[in-house]
1. What are the residues in region 182-227 that are more than 30 Å from T18 (Cβ to Cβ) and touching a Cys at 6+ places or on another chain (Cβ under 9 Å), if any?
2. From the residues in region 159-186 that are in contact with a strand residue (DSSP E or B) (Cβ under 8 Å, 6 or more places away or on another chain) and part of a loop (DSSP other than H, G, I, E, B), which one is surrounded by the most Cβ atoms within 10 Å (Cβ to Cβ)?
3. Here's a check for you: in region 16-26, which residue that is at pLDDT 95 or above and surrounded by fewer than 19 Cβ atoms within 10 Å (Cβ to Cβ) is nearest to V222 (Cα to Cα)?
4. Spot the failing condition for A189; the list is (1) under 13 Å from the mean Cα position of the chain (by Cα); (2) in a loop (DSSP other than H, G, I, E, B), and only one is missed.
5. Can we say K10 is surrounded by 22 or more Cβ atoms within 10 Å (Cβ to Cβ) and touching a residue at least 12 places away in the same chain (Cβ under 8 Å)?
6. Among (1) over 16 Å from the mean Cα position of the chain (by Cα); (2) closer than 22 Å to V222 by Cα; (3) small (G, A, S), where does G44 come up short?
7. Just the residues that are within 22 Å of the chain's Cα centre (by Cα), among the charged types (D, E, K, R) and under 16 Å from N94 (Cα atoms), please, taken from region 104-147.
8. Look through region 47-90, keep the residues that are in contact (Cβ under 8 Å) with a residue 40 or more places away in the chain and in a loop (DSSP other than H, G, I, E, B), and return whichever of them is farthest from S9 (Cα to Cα).
Amino acid sequence: MIAKLDGVSKHYKVGDQTLIALQPTSLMVSEGELLLIIGPSGSGKTTLLSLLGCVIYPSTGQLYVNDRLVNDMNEREMAALRLHTIGFVFQNFNLLAPLNAEQNVRMPLQLMGIAAAEADKRVAQALELVGMSNRKKNLPKQLSGGQQQRIAIARALVTDPRLILCDEPTAALDKDSLRIVMDELRSLADRGKSVAVVTHDPRLRDYAHRIVEVDNGSVREVDSYNG
């Protein structure tokens, strides 16, 4: 187990009203699985991902990530947990335009203060893992959407995180690129990583070990497809 929500909810005060983004939820996320979090826009699935990613605090319940109680952490401790334990992959890639692929992948290692020789080794391994070694000197604008997403996955992998969180990672991709990216994410899970993918796309169901559906802030687990 890499993450556990025990009766976790999230709500926000908007004037004199309370907006419930996530109903009380109990959920475990394990290593060696691709967990698909599926639901329509505004359902609460991104809130669930943000909690798993230690981006926001729970309003109620207890949240554990990497055997640590997130509720008790200060913001600096949460930032350190994100940097060392969690890799993020976003819908819009979030690559830095002036940097080439290799430099984008290196960024998290620079934040961690990793020595240059070790960083070179890790970057090369991450690019090789996603089949992008031959594109390492390309700028983002010189890459297709699918190639940019594979670079984003390499950047998420370069710190060797236990948990990889993906927010609509295929929304901007064509059918062929979708298949390549999801095959890579499924392969990472099969090799022991914990991968959680938020999506509204039912085509991704076939890649999941386990699926939870989110609707109006309520989370329920459905049958596994490839468990």
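1. First, pick out the residues of region 182-227 that are more than 30 Å from T18 (Cβ to Cβ): 182-195, 201-210, 223-227.
Matches in region 182-227: L185, V195.
2. Here the residue is P169.
3. S26
4. (2)
5. Working: surrounded by 22 or more Cβ atoms within 10 Å (Cβ to Cβ): yes; touching a residue at least 12 places away in the same chain (Cβ under 8 Å): yes.
Yes: the conditions hold for K10.
6. (1)
7. R106
8. My answer is N66.
The values are calculated or read from the model by the stated rules, or taken from the named source; none is laboratory data. Not measured: the values here are computed from a predicted model. We place every Cβ from the backbone using ideal geometry, glycine too, and count neighbours over all the protein chains shown.
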